[in-house]
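Beneath this line is the structure, given in structure tokens, with notes to follow.
The values are calculated or read from the model by the stated rules, or taken from the named source; none is laboratory data. The shown structure was predicted, so the numbers you read here are calculated from the model rather than taken from an experiment. Glycine also receives a Cβ, built like all others from the backbone with ideal geometry; neighbour counts cover every protein chain displayed. When the accessible area is computed, the model is the full protein with side chains, heavy atoms only, and any ligands, DNA or RNA have been set aside. Shrake-Rupley method; radii C 1.70, N 1.55, O 1.52, S 1.80 Å.
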Amino acid sequence: MAKHVVTMIPGEGTGPEICEAVRMVIDASGVDIKWEYEDIGLDCLEKYGTLLPEKTIQSIAKNKVALKGPTTTPIGTGHKSANVTLRKVFDLYANVRPVRLIPALKRPWDKLDIINFRENTEDSYAAIEHMVSDEVAQCLKVITWPGSYRIADFALKWARDNGRKKVLCVHKANIMKMTDGLFLEAFREAAKKYPDIETGDIIVDNCAMQLVRNPGQFDCLVLPNLYGDILTDLCAGLMGGLGFAPGANVGDNCAIFEAVHGSAPKYAGMKKVNPSAVLISGVMMLRWLGEKEAADRIEKAMYAVLDEGKTVTYDVGGTAKTDEYAQAIIDKMRAGTK
Amino acid sequence: MPTFTQEAIATKKKKKIELVGVDLYIITDKGIPQFADGEFGPFKCEFISNRGTKVWPGFVSPDLLMVNWYRCRFMATKPIKDHEVADFLVQLSKKWEWSAAQKLWNYDGEAGYSKAY
């Protein structure tokens, strides 16, 4: 029996070739994982009549952990987003989005090492919208005490467990005194449990400006859903783009690790795209599973391959195929562990 | 020369409006509310959501965080007038505490309200 059973959801477009490369690397690290492959996305519509088949949901419910490739959300078809449905079904309230400097990307910052914790289930994403007259649309921004407290508590605990020093609550409570005020109040309450962590708050517009001017000053940020959606992409931009931006959606009993980029269908089957974002998400997953040593080895090998710049994908100036890049990481990992 | 505001007002389009139901926000600590069809007049509860997630009918994840505030969507079972919504609220108030009600309209036949996840 394998030590870990993980639901693998390759996704759509370039997802399957990316996930295959990532599986190769993770398996080569020696971690004992049985992969359960499941479907998601547009192909499932014809087969199952839904973007997210029940079989996939049941697999995740059983295994409690999944690694997921990118999917395409159809616009204006009336079908619910599979990603949003997954978050709702498993109440994956914490969207964890770390960003850090990757030397090969040659960014202008001296330091960039931020972990963003985006609340993933409420705010103006609660799908409560009405046309309240034929001239006026309204969306309810729903912020709750338990929803706010648990993301703050989660972020502070993650910070403590991972040796981080400072967590800031991002808000606009000076204007939205009830909603963002409640989010901030819950954060301050949760922070009382973590006297060893430095805490504070910052208004979202100032945070955006400070991130662009001097991202090195930030350690961990905890944000309501909408600000988190925007600022986590801004942070990915600081790092050099979504190609290296990993993510995890975590609940109390389940975690789904996935890149935040799209499925790039125009490149599907060409083995051209960079699998790094899903690979780093896989590294996060290994740490989640307690496989820290293997996670560190993969990460170190990936950075070494990127630093050498010989066997890298087109987006970082190379000509390597997706699987060639993965093989180079495996070779580096094996060489490093001799 | 019209101002931008005047131009904007001039582009407004009038639509045919039809009252089709009510979203009612109920406060209760006793779990997911239950309603019998027609209990409060010509309305049928179509779904109930909590923090935007559908909690009735159908599967509810045991992991789901719920608060004491439920959006209950009542759709009219026949063509209705405003006074029937008012009567509905009077009847419902005898049994339930609620924070707000939002009428649901169709605009030129299209729903002017979102579904729940």
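Looking at segment A:146-154, can you tell me whether even one residue there is within 21 Å of the chain's Cα centre (by Cα), of a type in the set (Ser, Thr, Tyr), crowded, with 16+ Cβ neighbours inside 10 Å and within 14 Å of another protein chain (Cβ to nearest Cβ)? The answer is yes, given that some residue of segment A:146-154 is within 21 Å of the chain's Cα centre (by Cα), of a type in the set (Ser, Thr, Tyr), crowded, with 16+ Cβ neighbours inside 10 Å and within 14 Å of another protein chain (Cβ to nearest Cβ). The residue of segment A:215-238 that is nearest to the other protein chains (Cβ to nearest Cβ), among those that are charged (D, E, K, R) and part of a helix (DSSP H, G or I), is A:Asp229. The set of residues from segment A:159-185 being open to solvent by 50 Å² or more (accessible area, probe 1.4 Å) and in a helix (DSSP H, G or I) comprises A:Arg160, A:Asp161, A:Glu185. Against the list (1) in contact (Cβ under 8 Å) with a residue 24 or more places away in the chain; (2) under 25 Å from A:Ala155 (Cα atoms), the condition A:Met333 fails is (2). Checking each residue in segment B:43-84 for being among the aromatic types (Phe, Trp, Tyr) and either within 11 Å of another protein chain (Cβ to nearest Cβ) or under 26 Å from A:Thr121 (Cα atoms) (or both) picks out B:Phe47, B:Trp56, B:Phe59, B:Trp69, B:Tyr70, B:Phe74.
Which ones in segment A:297-308 are over 14 Å from A:Ser276 (Cα atoms) and modelled with pLDDT under 95? Within segment A:297-308, A:Glu308 is the sole residue that qualifies.
Taken as a whole, the condition of being within 14 Å of another protein chain (Cβ to nearest Cβ) and on the phi < 0 side of the Ramachandran plot does not apply to A:Arg160. Answer with yes or no whether A:Val99 is closer than 30 Å to B:Tyr70 by Cβ and either within 14 Å of chain B (Cβ to nearest Cβ) or in contact (Cβ under 8 Å) with a residue 60 or more places away in the chain (or both). The answer is no for A:Val99. Cβ separations smaller than 7 Å between residues 6+ apart or across chains give no pair from segment A:212-228 residues that are farther than 20 Å from A:Trp158 by Cβ and not assigned by TED's automatic domain parsing to the domain that holds A:Phe154 to residues that are in a helix (DSSP H, G or I) and open to solvent by less than 10 Å² (accessible area, probe 1.4 Å). Scanning for something within 14 Å of chain B (Cβ to nearest Cβ), closer than 23 Å to A:Thr14 by Cα and modelled with pLDDT of 85 or more, does segment A:105-127 turn up at least one residue? The answer is no, given that none of the residues of segment A:105-127 is within 14 Å of chain B (Cβ to nearest Cβ), closer than 23 Å to A:Thr14 by Cα and modelled with pLDDT of 85 or more. From the list A:Val212, A:Val167, exactly one residue is aliphatic (A, V, I, L, M), touching a strand residue (DSSP E or B) at 6+ places or on another chain (Cβ under 7 Å) and more than 14 Å from chain B (Cβ to nearest Cβ). Which is it? Testing whether each residue is aliphatic (A, V, I, L, M), touching a strand residue (DSSP E or B) at 6+ places or on another chain (Cβ under 7 Å) and more than 14 Å from chain B (Cβ to nearest Cβ) leaves just A:Val167.
Applying a threshold of 6 Å to beta carbon distances and a minimum spacing of six or more residues, or different chains, the list of pairs starting in segment A:239-253 at a residue that is within 27 Å of A:Val89 (Cα to Cα) and within 14 Å of another protein chain (Cβ to nearest Cβ) and ending at one that is open to solvent by 10 Å² or more (accessible area, probe 1.4 Å) and of a type in the set (A, V, I, L, M, F, W, C) reads A:Gly251/A:Phe90. Annotation for segment B:26-42: at least one member residue is of a type in the set (Asp, Glu), open to solvent by 90 Å² or more (accessible area, probe 1.4 Å) and within 14 Å of chain A (Cβ to nearest Cβ).
Determine, yes or no, whether A:Ile18 is in contact with a helix residue (DSSP H, G or I) (Cβ under 8 Å, 6 or more places away or on another chain), open to solvent by less than 30 Å² (accessible area, probe 1.4 Å) and at pLDDT 95 or above. Answer is yes for this residue. For segment B:89-109, check the following and say yes or no: at least one residue is in contact with a Gly (Cβ under 9 Å, 6 or more places away or on another chain), among the charged types (D, E, K, R) and in a loop (DSSP other than H, G, I, E, B). Checked against the condition, which is being in contact with a Gly (Cβ under 9 Å, 6 or more places away or on another chain), among the charged types (D, E, K, R) and in a loop (DSSP other than H, G, I, E, B), segment B:89-109 yields no hits at all. If you go through segment A:50-65 one residue at a time, do you hit one that is crowded, with 19+ Cβ neighbours inside 10 Å, hydrophobic (A, V, I, L, M, F, W, C) and farther than 29 Å from B:Arg51 by Cα? No, segment A:50-65 has no match at all.
Taken together, the residues in segment A:109-124 that are farther than 19 Å from A:Val142 by Cβ and either without any contact (Cβ under 8 Å) to a residue 40 or more places away in the chain or of a type in the set (Asp, Glu) (or both) amount to 2. Just so you know, in segment B:1-25 the residues that are under 24 Å from the mean Cα position of the chain (by Cα) and of a type in the set (A, V, I, L, M) include one that is nearest to the other protein chains (Cβ to nearest Cβ), and it is B:Ile17. With respect to the conditions (1) within 14 Å of chain A (Cβ to nearest Cβ); (2) open to solvent by 30 Å² or more (accessible area, probe 1.4 Å); (3) within 27 Å of A:Cys254 (Cβ to Cβ); (4) among the hydrophobic types (A, V, I, L, M, F, W, C), B:Ala100 lacks only one, and its number is (3).
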